Amino acid sequence: MSLLVKICGLSTRETLQTALDAGADMVGFVFFPPSPRHLSLELGRDLGRQVKQRALKVALTVDADDATLDNIMDALSPDIFQLHGKESVARLRDIKQKYGRPVMKAVPVAIAADLAVLPGYAAVADRILFDARAPKDATRPGGLGAPFDWHLLENLDLKLPYMVSGGLHADNVAEALRVTGAGGVDVSSGVESAPGVKDPEMIKAFIRAARATQDASQELSVR
């Protein structure tokens with residue numbers, strides 16, 4: 001099964017093109033005003049057109065209401081909704097039914113007890129994204145550049161595909177994948193030179209590092 005690499009928080013044509021050319025499987029667009037990566041609907045529409053089905057378009061929202069999701073659907077027509085707030089299982093179900101799109105639920109992790117929500121979400125979500133739990137005084141739930149203890153996901157019995165995020169960068173993505181056994185990785189601040197400012201060389205380096213991990217594991221399985 002091939003590794004999924006997601007570059008999130010893209011906000012310029014140049015960096016989106018870099019991610020596409022480097023082979024990102026998913027490109028994420030943030031629609032959440034407190035984030036430095038927040039996009040206007042107009043820019044989201046423009047960047048969405050640029051993707052041209054070369055990667056899956058992911059719309060990241062945080063406890064968004066239907067009016068917001070309606071606007072995002074009209075502008076971006078995302079392939080997946082990434083729900084990064086405190087959305088309930090019922091809310092996930094409603095969004096899937098109304099918009100006919102897969103949903104990826106972000107689950108913040110700091111301690112083992114945080115995984116207790118998984119059975120409920122796994123019954124509805126199409127994919128889980130494990131992210132570091134934000135500090136209590138944070139203004140947004142993710143994109144803060146902090147990892148969590150990946151060992152909390154060791155021996156995880158989850159029938160659903162899952163990805164990891166939070167504090168990932170080119171130098172630690174291999175270890176994150178080794179420990180968690182995740183089928184995908186998601187990076188945002190780890191490929192930035194400043195908050196919200198993506199660095200093309202860092203994007204390419206991250207994707208190279210993630211793919212190298214996949215290639216190495218495939219070589220071992222063949223031997």
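Every number here is computed from the coordinates shown, using simple stated rules; none is lab data. As the structure is a computational prediction, the values presented were derived from the model and not from experiment. Heads up, the Cβs are rebuilt from the backbone with ideal geometry, glycines too, and the neighbour counts pull from every protein chain shown.
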inquiry  = Run the simple label-point estimate for D63 and S2 please: 7 Å along Cα→C-beta, distance reported in nm.
reply    = 3.8 nm
inquiry  = If each DSSP helix of 4+ residues adds -39,500 (n - 2.57) and the sum is divided by the residues in the chain, what number results at 222 nm, nearest 500 deg cm²/dmol?
reply    = -11000 deg cm²/dmol
message = If I stretch the segment between D70 and L160 completely, what's the gain in nm (0.36 nm per residue apart, minus their alpha carbon distance), one decimal?
response = 29.7 nm
ask   = Mind ordering 41-48, 200-207 by average Cβ neighbours within 10 Å, highest first?
value = 200-207, 41-48
Binned Cα-Cα distances of the chain, short to long, each 5 Å bin given as a whole percent = 1, 7, 16, 20, 21, 18, 11, 5, 1, 0, 0
